[in-house]
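Report on one structure; see the data block that follows.
Read the figures in this text as sums done on the coordinates, not as results from a lab. This structure is a prediction, so every number in the text was calculated from the model and none was measured. Virtual Cβ from ideal backbone geometry, glycine too; neighbours counted across all protein chains shown.
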Amino acid sequence: MYGKGLRALSLTTALAVALTLAAALYWAPNDAYLGFLQKIFYVHVPLAIITLCGFVAAGLMAIAHLRTGDSRWDVRSYVAIHISLIFGVAVLITGSIWARGAWGHWWVWDDPTLVSFLLVMLLYATYQPLRFAIDDPERQARYASVFAVTAGVFVPVCFAVVRLGPSYVHPRTLDNVNSNLPGRMQVVFYLALVSMTLLWVTLWRFEITAKHVAAQLRALRGLLTEQADDAPARRSAAPTLTGVGSET
Amino acid sequence: MIAIAPLPLHTAGPYVAGAYIAFFLIVLAYVAIMAAKLSRNERTLRELTEQVRRRSEGGDEENGRR
């Protein structure tokens, strides 16, 4: 029952996102330096954090797949990367808009934070083509998991290296030395972080549920038409679920 | 450092609105794609239900003839 509790989760997420939006725009004070423009912070930074955490989570799910051989872990990892990529695109767009307003440029190639995030995104952009390039579903799942683990390790390493290096234009968020988020800003930031996490989890569960329903329908169609084993499988980057009928 | 002086509200407003709208549009596009997939699943389910119904009606007729 993958859809169990999804309605309550969706409602909570919608409420949290609405509350975050209202708090960010009306309750949090304007930044002394950036003014109203700093409001982008409440959507851009939590999205970036959740994107990177999502990639790491996908790596952990891929480890579970490699250890158990259970195709459900492959699906979970695949969906985690998919949702994180979508969030990552939102990070790049909101970041570019903010950069244009604050620095007068859509993109700054000299800054390691921006370029490293782009590198991570480009790395994960190869995930789907990699899957699509492999015909055999089992081999596809295995190779994809190895990719997810390797890339999942690269993400925190890349993040740590960038944090250790000098910052050019992109500010450091939640820096131990110069943490200067005042009370209300901090509350709204953590609220935004929670609501973006909820959004990620909701979308992830939504897609997992949809994938399982589709797989169950395919299995049912196969049973009814009795052509399941004869029909040639369509080439796809999406993971194949095995033993769908037995799972709940 | 490329940073410039803080923008006034009327100048910063469109950037903030643009960022938030972009974020919501991305989420909306994703939900719309998922909704399209859901309706495809619904259609498949209808077809399968119809197949089962026809099959059971055929079975009933066969039993009736016997």
How high is the relative contact order of chain A, in percent, with contacts defined as C-alpha pairs under 8 Å that are six or more residues apart?
34
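Suppose R0 equals 41 Å. What FRET efficiency, 1/(1 + (r/R0)^6) with r the Cβ-Cβ distance, do A:Thr225 and A:Val153 give to the nearest 0.05?
On the way: r = 44 Å, r/R0 = 1.07.
The pair A:Thr225/A:Val153 has a calculated efficiency of 0.40.
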For the residue pair B:Asn41 and A:Ser236, what label-to-label distance in nm results when each label sits 7 Å from Cα along the Cα-to-beta-carbon direction?
1.2
Taking a ≥ b ≥ c as the square roots of the Cα gyration tensor eigenvalues, with a/c under 1.5 meaning rounded and otherwise prolate when a/b beats b/c, else oblate, which class fits region A:1-116?
oblate
Restricting to DSSP H runs of at least four residues, report the calculated mean residue ellipticity at 222 nm for the protein assembly as shown, -39500 (n - 2.57) per run over all residues, nearest 500 deg cm²/dmol.
-26000 deg cm²/dmol
Least to most buried among A:Lys4, A:Lys211, A:Lys39, B:Lys37 (fewest other Cβ within 10 Å first)
A:Lys4, B:Lys37, A:Lys211, A:Lys39
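Take B:Glu57, A:Glu207, A:Glu138 and order them by how many other Cβ atoms sit within 10 Å, fewest up front.
Details: B:Glu57 10, A:Glu207 22, A:Glu138 13.
Listed from fewest to most nearby Cβ atoms, that is B:Glu57, A:Glu138, A:Glu207.
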Calculated from backbone phi, Karplus (6.51, -1.76, 1.60) coupling profile of region A:91-102 in Hz, x at Gly/Pro:
4, 5, 5, 5, x, 5, 5, 5, 4, 4, x, 8
By the Cα gyration tensor axes a ≥ b ≥ c (a/c under 1.5 gives rounded; else a/b larger than b/c gives prolate, otherwise oblate), the shape of chain A is prolate
For each of A:Ser84, A:Ser96, count neighbouring Cβ atoms within 10 Å of the residue's Cβ, then give the residues from fewest to most.
A:Ser96, A:Ser84
